[in-house]
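Working notes for the structure below.
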Amino acid sequence: MSKEYNEKDIRNEYSELTKLLIEKELTITTMESCTAGQIASLITDTEGSSAVMKGAFVTYCNEAKIMLGVPAQIINRYSVYSEETAVAMAKVCQDKYNADIGVGVTGTMGNVDPANAGSSTPGTIYFAISYKDNVSSFYKEISPQDSRLEYKFAVAKEVIDELMNIITNE
């Protein structure tokens, strides 16, 4: 059974997240690959988000991740599509922006990535959330979606579920 992802509901959840971050005086940043900045965009759709969003990186290719500080050895050893890479992405962006929360997202949407064909499985997503001094990593399988945008919202939904869980249970 495939999971349903409702764009309006996801937008509302990100609005609630941004308000919660403002209330708790927590800052956030992202390093996004497959979502291409969609999560940062959703966070900043709510008024007042400049108080919590430090900045974001869209690192669509391996070189961009490495240039910002994700160790090439991690990508070479585990592949760009791995929990290890997502963890490094979350830590790097958190560190670069000196934020309370760093979110790293990598994965393959609806087709095999020709630049990383050996490790690319459509619908396979890895993300990590670095919150203060703790890092949690996640692996999710996204059911086929009708468009790239729908894939991005599906991933954003998976991320916000875990983000809210981490922030509200501290």
Unmet requirement for Pro144, which otherwise passes all of (1) at pLDDT 95 or above; (2) surrounded by fewer than 16 Cβ atoms within 10 Å (Cβ to Cβ): (1)
Residues to consider are Thr18, Thr35; find the one that is more than 21 Å from Thr168 (Cβ to Cβ) and of a type in the set (S, T, N, Q). Thr35
Counted residues in segment 19-58 being surrounded by 20 or more Cβ atoms within 10 Å (Cβ to Cβ) and part of a loop (DSSP other than H, G, I, E, B) come to 4
For Ala64, only one of the following conditions fails: (1) buried (at least 19 other Cβ atoms within 10 Å of the Cβ); (2) touching a strand residue (DSSP E or B) at 6+ places or on another chain (Cβ under 9 Å). What is its number? (1)
Report, by residue number, each residue of segment 151-165 that is over 14 Å from Ala86 (Cβ atoms) and either touching a helix residue (DSSP H, G or I) at 6+ places or on another chain (Cβ under 7 Å) or surrounded by 16 or more Cβ atoms within 10 Å (Cβ to Cβ) (or both). Tyr151, Lys152, Phe153, Ala154, Ala156, Lys157, Ile160, Met164
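For (1) over 21 Å from Ala154 (Cα atoms); (2) over 13 Å from the mean Cα position of the chain (by Cα), each residue gets a yes or a no:
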| site | (1), (2) |
| --- | --- |
| Ser49 | yes, yes |
| Lys65 | yes, yes |
| Pro71 | yes, yes |
| Tyr78 | yes, yes |
| Thr85 | no, no |
| Gln94 | yes, no |
| Val105 | no, no |
| Met109 | no, yes |
| Ile125 | no, no |
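The values are calculated or read from the model by the stated rules, or taken from the named source; none is laboratory data. Bear in mind that the values here come from a model prediction, so they are computed numbers and not experimental data. Cβ atoms come from the backbone with ideal geometry, glycine included; neighbour counts cover every protein chain shown.
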